[in-house]
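**Q** Just dropping this structure here.
The values are calculated or read from the model by the stated rules, or taken from the named source; none is laboratory data. Please read these numbers as outputs of a predicted model, since none were measured by experiment. Cβ sites come from the backbone with ideal geometry, for glycine too, and all protein chains shown count toward neighbours. For the accessible areas, the whole protein counts, side chains as well, though only heavy atoms, and no ligand, DNA or RNA atoms are used. Shrake-Rupley method; radii C 1.70, N 1.55, O 1.52, S 1.80 Å.
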Amino acid sequence: MDTLVQLLDLTVRSSVPLLLACLAGLYSERSGIVDIGLEGKMLGGAFAAAATAALTGSAWLGLLAAIAVSVLFSLIHGFASITNRGDQIVSGVAINFIAAGLAALVGQAWFNQGGRTPQLQSEQRFGELDLPFVEALADVPLVGPIYSDLISGHNLIAYIAFVLVPVTWWVLFRTRFGLRLRAVGENPAAVDTAGISVSWARYRAVICCGILCGIAGAYLSIGVSAGYVKDMTAGRGFIALAALIFAKWRPVSAMWACLLFGFLGAIEIRYQGVALPIVGIVPVQLMQALPYILTVVLLAGFIGRAIPPRAGGVPYSKER
Amino acid sequence: MNAPLPRWVDIGLIPLINVAVAFIVAGLVVMFVGESPVTAAYLMVKGAFGNGYNIGFTLFYATTFIFTGLAVAVAAHAGLFNIGGEGQAYIGGLGVGLVCLSLDSILPWWLTFPLAIAGAAVFGAAWAYIPALLQATRGSHVVITTIMFNFIASALMVYLLAGVLHKEGDPAPQTRDFAAGGQIPKLDWLFKPLGLDMGSSPLNITFLLALIAAFVVWVIIWRTRFGYEVRTLGISPRAAKYAGMREVRLTVLIMMISGGLAGMMALNPVMGDQARLQLDFVEGAGFVGIAVALMGRSHPAGIVPAAILFGALYQGGSELAFDMPTITRDMIVLIQGLVILFAGAMGSLFTPAVARVFAGVSGPSKSDRTRYGSPEEKA
């Protein structure tokens, strides 16, 4: 029981950044802007958060800086792909490199620690929160450990991430903004005919994407760790992209996909080199590759069909 | 409607402006971190071309980037974005490694080398085959699948290099060193008559192979029926279909050529320099290929100079990091990103302005703007 709770706790921890990035991608891709720059935006956000927290001593300013930097990258992506009608994939690739290069260069110039930021004190980070009645419930069988070890004891950003799942669903499927956002991703010409600006709708979507990527970055550098280290996103942006496809561009499914991939990550950390019943020792690399393999299998159409938003990746130009 | 731009402006001036803007932005970043961009540029050029040894390194890196640049370019002609050069090169290295490990003490290098070329190409092509087939037959987007295959390749190679291929007792996950039959000659003799002493720089005969590959790619794309069909497919899939071209076959073949070219990149570091298969030997070269292809406008005549420029950036960047410790090698990653942004995603940013200058009118008409912004115009 204890090991299971610990494993699930680790699952939640590793899925939070995936979930935030995945929801970020959801906003963008639902509006027809393919974004493979999630990784770069998260990395830029992580660096900005840690650098700001180290310089100002405030975790909240760190979070704001992360969001600002990430949104800036989103706007560059938007300018290239919406206003300039450039190739969205090329632009996303560019963002990934620019973020990685800038974070390392500026980090080295400011802190002179090989691209790292200084170790942060606990008040410069988002600490773990204890939910009410944790003490009282801790000894209750079954519910106690689940509540006090699994549900309680995460940082604020983790709770925000999970709250954002129903919020995103509501925004996308129950508001006018969400309707327009999905419409420009499916049929921009129809939205244009209705007299609504396609560009503005898409810009708002990529800004939402930037905000969430920034929060994801802050979670990594000032949430679960105490500072920025080089390339700390370690491909999470791409796993989030995989999760987004896995979830077929739906918010609640996105949460399950991220929890699944987070669970694979947790097993990888927890059972490295341990022989499991029946299968024996699973190579750690297989666990690492599994999210990608599963996504390819899904994309191939062997387990359901993943149909992306129809206008995804296509720049919109008005009729001549 | 205005007259179209002169050809030299379209294929010469505008790419140059784009790349220049990328470098200017990089210069601003250098200023931002408190160093002089002029000094940095000087140190970089000196580090890349200052003496024979440096030139040897520049061309060594360029060799790698010619292969990965060509790989991205051939796929781009078919309208496919092969972002998986990194993984294909990694697996290509497995092909090279297996040939060398099994034959290096039996055969001389001039017999192992052709086999290693075949090994690299076949393994790289095989790694591109599944994404290509899925794209052609099941509509799974090749960008996403090749990204996924990069990660799968990386996991697979770690598994192999720490497992069956691992040299007993070596702390690093790598194979044993290749014997003489698995090492190829350096190229310093070729540059000796020019008065260049390349010393111990790793430039090797793969460089010549890269130039041959560039020529062969030109022939395939512009001088064969297959190339014509590929370009038709890239510009207008519907026209290709209407003309009876076989889309599935074309897609799979061109992606395999692309993967094969990416795989051949592995010959350069694995056989030409390290003489063993080691972890992460690709070092992002697959992604540099994207910048090289965009800068070279997917034409071998543009890719070779673009690859040499990036080779110079890599070599010059290392020397720069040595002389100017505030500017690490990550500068190259930034420049690479900026080149991809300005030469790729924003490739048409300055076209209206240049067109205005050439047409001598006050502003482009609306029809012009849509014309220059249409995706077919960018390659």
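**Q** Quick one: which residues, 5+ away or cross-chain, put their amide H under 5 Å from the amide H of A:ASN155? H built at 1.01 Å from N.
**A** Answer set, sorted by chain and number: A:LEU129.
**Q** Additional query: Which residue, B:VAL339, B:VAL29, B:VAL99, has the most motion in a Gaussian network model of chain B that connects Cα atoms within less than 10 Å?
**A** Per the Cα network of chain B with a 10 Å cutoff, B:VAL29 tops the list.
**Q** Between A:GLU186 and A:LEU156, what is the spin-label point distance in nm, taking each point 7 Å from the Cα along the Cα→C-beta axis?
**A** It works out to 3.7 nm between the two label points.
**Q** Project the alpha carbons of region A:142-223 onto their principal axes and report the range along each, largest first, in whole Å.
**A** Rounded to whole Å, the extents work out to 56, 29, 14 Å.
**Q** Another one. How big is D, in µm² s⁻¹, for region A:173-265 by Stokes-Einstein at 25 °C and 0.890 mPa s if Rh is the Kirkwood radius over C-alpha pairs? Before the final figure, lay out each step's value.
**A** Values: Rh = 15.3 Å.
Calculated translational D: 160 µm²/s.
**Q** Let me ask another. Mind checking how much accessible area A and B bury in total, 1.4 Å probe, in Å² rounded to 100?
**A** Details: alone 15080 and 17550 Å², together 28750 Å².
When A and B are taken together, about 3900 Å² of accessible area is lost.
**Q** Something else: Over its Cα atoms, what ratio of radius of gyration to 2.2 N^0.38 Å does region B:20-66 give? All intermediate terms of the calculation are to be shown ahead of the outcome.
**A** Details: Rg = 12.8 Å, N = 47, 2.2 N^0.38 = 9.5 Å.
Compactness ratio reported: 1.35.
**Q** Output ³J(HN,Hα) for region B:172-185: one whole-Hz value per residue in order, computed from phi by the Karplus curve 6.51 cos²θ - 1.76 cosθ + 1.60 with θ = phi - 60°, and x for Gly and Pro.
**A** 7, x, 7, 7, 5, 5, 6, 6, 4, x, x, 10, 10, x
**Q** Further question: Which value, in Å² rounded to 10, gives the accessible area of B:ASP188 with a 1.4 Å probe and all protein chains present?
**A** Approximately 50 Å² for this residue.
**Q** Moving on to the next point. Which ³J(HN,Hα) values, rounded to whole Hz and listed in residue order, are derived for region B:70-76 from phi using the Karplus coefficients 6.51, -1.76 and 1.60 in 6.51 cos²θ - 1.76 cosθ + 1.60 with θ = phi - 60°, glycine and proline given as x?
**A** 4, 4, 5, 5, 4, 5, 4
**Q** Relative contact order, percent, of chain A when contacts are C-alpha pairs under 8 Å separated by at least 6 residues? Write down the numbers at each step before the final one.
**A** Numbers: 593 pairs, mean separation 110.9, N = 320.
It comes to 35 percent, rounded to a whole number.
**Q** In addition: Identify the residues of region B:167-208 with backbone N under 18 Å of a label point that sits 7 angstrom from the Cα of B:TRP218 along the Cα-to-Cβ direction, or state none.
**A** B:207-208
**Q** Could you work out the mean count of beta carbons from other protein chains within 10 Å of each residue's beta carbon in B:79-86? Mind showing how you got there, number by number?
**A** Details: counts 0, 0, 4, 0, 5, 0, 0, 0.
That average works out to 1.
**Q** Of B:GLY272, B:ALA75, B:GLY95, which is farthest towards the positive pole of the protein assembly as shown's charge dipole, taken about the Cα centre with +1 and -1 on the beta-carbons of Lys, Arg and Asp, Glu respectively?
**A** Among B:GLY272, B:ALA75, B:GLY95, the one farthest towards the positive end of the dipole of the protein assembly as shown is B:ALA75.
**Q** Quick one: grab Rg to one decimal and Dmax as a whole number for the protein assembly as shown, Cα atoms only, in Å.
**A** Computed over the Cα atoms of the protein assembly as shown, radius of gyration and Dmax are 25.5, 85 Å.
**Q** Is there a simple number for the mean count of other chain Cβ atoms within 10 Å of the Cβ of residues in B:344-356, and what is it?
**A** Details: counts 8, 17, 12, 5, 3, 5, 0, 0, 0, 0, 0, 0, 0.
Going residue by residue through B:344-356 and averaging, the value is 4.
**Q** Kindly write out, for region A:122-134 in residue order, the coupling ³J(HN,Hα) from the Karplus curve 6.51 cos²θ - 1.76 cosθ + 1.60 (θ = phi - 60°), rounded to whole Hz, with x marking Gly and Pro.
**A** Coupling constants for region A:122-134: 5, 7, 8, 10, 8, x, 6, 9, 9, 6, x, 6, 4 Hz.
**Q** Calculate the tail of P(r) for region A:1-79: the fraction of all Cα-Cα distances greater than 16 Å, expressed in %. Could the numbers behind the result be given before it?
**A** Numbers: 1832 of 3081 pairs.
I get 59 percent for the Cα pairs in region A:1-79 exceeding 16 Å.
**Q** Give me the distance between the Cα centres of region B:54-125 and region A:67-127, rounded to whole Å.
**A** That distance is 32 Å.
**Q** Please list, short to long, the whole-number percent of alpha-carbon pairs of region A:2-299 in consecutive 10 angstrom bins beginning at zero.
**A** Computed distribution, short to long bins: 7, 26, 33, 23, 9, 2, 0.
**Q** Related question: Run the helix sum for the protein assembly as shown: -39,500 (n - 2.57) per DSSP H stretch of 4+ residues, divided by residue count, reported at 222 nm to the nearest 500 deg cm²/dmol. Before the final figure, lay out the partial values.
**A** Numbers: 28 runs with 442 residues, N = 699.
About -21000 deg cm²/dmol.
**Q** Can you pick out the pairs among A:LYS41/B:LYS46; B:LYS46/B:LYS167; A:LYS230/B:LYS46; A:LYS41/A:LYS248; A:LYS318/B:LYS241 whose Cα atoms lie more than 32 Å from each other? Don't skip to the end; give the middle numbers.
**A** On the way: A:LYS41/B:LYS46 34 Å; B:LYS46/B:LYS167 39 Å; A:LYS230/B:LYS46 28 Å; A:LYS41/A:LYS248 22 Å; A:LYS318/B:LYS241 26 Å.
Over 32 Å apart, Cα to Cα: A:LYS41/B:LYS46; B:LYS46/B:LYS167.
**Q** Right, another one. Can you tell me the dipole magnitude for the protein assembly as shown around its Cα centre, using point charges on the Cβ only (Lys, Arg +1; Asp, Glu -1), in Debye to the nearest 20? Mind showing how you got there, number by number?
**A** Numbers: 43 positive and 37 negative charges, 534 e Å.
Its charge dipole is roughly 2560 debye.
**Q** Same structure again: As a test of the definition: which semi-axes, in Å, follow for region A:38-138 when you take the square root of five times each eigenvalue of its alpha carbon gyration tensor? Largest first, please.
**A** Numbers: eigenvalues 198, 74, 22 Å².
Output for region A:38-138: semi-axes of 31, 19, 11 Å.
**Q** Collect residues whose amide H, placed 1.01 Å from N in the peptide plane, falls under 5 Å from the amide H of B:ASN204; neighbours closer than 5 in sequence don't count.
**A** It is B:LEU187, by chain and number.
**Q** Using a basic spin-label model with each label point 7 Å from the Cα along Cα→Cβ, how many nm lie between B:THR137 and B:LEU194?
**A** 4.8 nm
**Q** Here's another thing I want to ask about it. Hey, can you grab everything whose amide H is under 5 Å from the amide H of B:ARG276? Only 5+ residues off in sequence or another chain; H modelled, so Pro and N-termini drop out.
**A** Here B:PHE178 satisfy the definition.
**Q** What accessible area per residue comes out for region A:2-299, rounded to a whole number of Å², with a 1.4 Å probe?
**A** On the way: 11460 Å² over 298 residues.
Per residue, region A:2-299 has an accessible area of 38 Å².
**Q** Follow-up. Give the average over all directions of the projected area of the C-alpha convex hull of chain B, one decimal, in nm².
**A** Quarter of the Cα hull surface area: 21.5 nm².
**Q** Another one. What distance in nm lies between label points placed 7 Å from Cα along the C-beta direction at A:LEU55 and A:GLN113?
**A** It works out to 1.5 nm between the two label points.
**Q** Ignoring ligands, DNA and RNA, please state the percent of accessible area on region A:2-299 from carbon and sulfur, probe 1.4 Å. Intermediate values should be presented prior to the final figure.
**A** On the way: 7520 of 11460 Å².
Of all accessible area on region A:2-299, carbon and sulfur atoms account for 66 percent.
**Q** Same structure, new question: Mind putting a number on the dipole of region A:2-299 about its Cα centre? Charges go on the C-beta only, +1 for Lys and Arg and -1 for Asp and Glu, and I need it in Debye to the nearest 20. The partial results should precede the final answer.
**A** On the way: 17 positive and 16 negative charges, 195 e Å.
Result for region A:2-299 is approximately 940 debye, rounded to the nearest 20.
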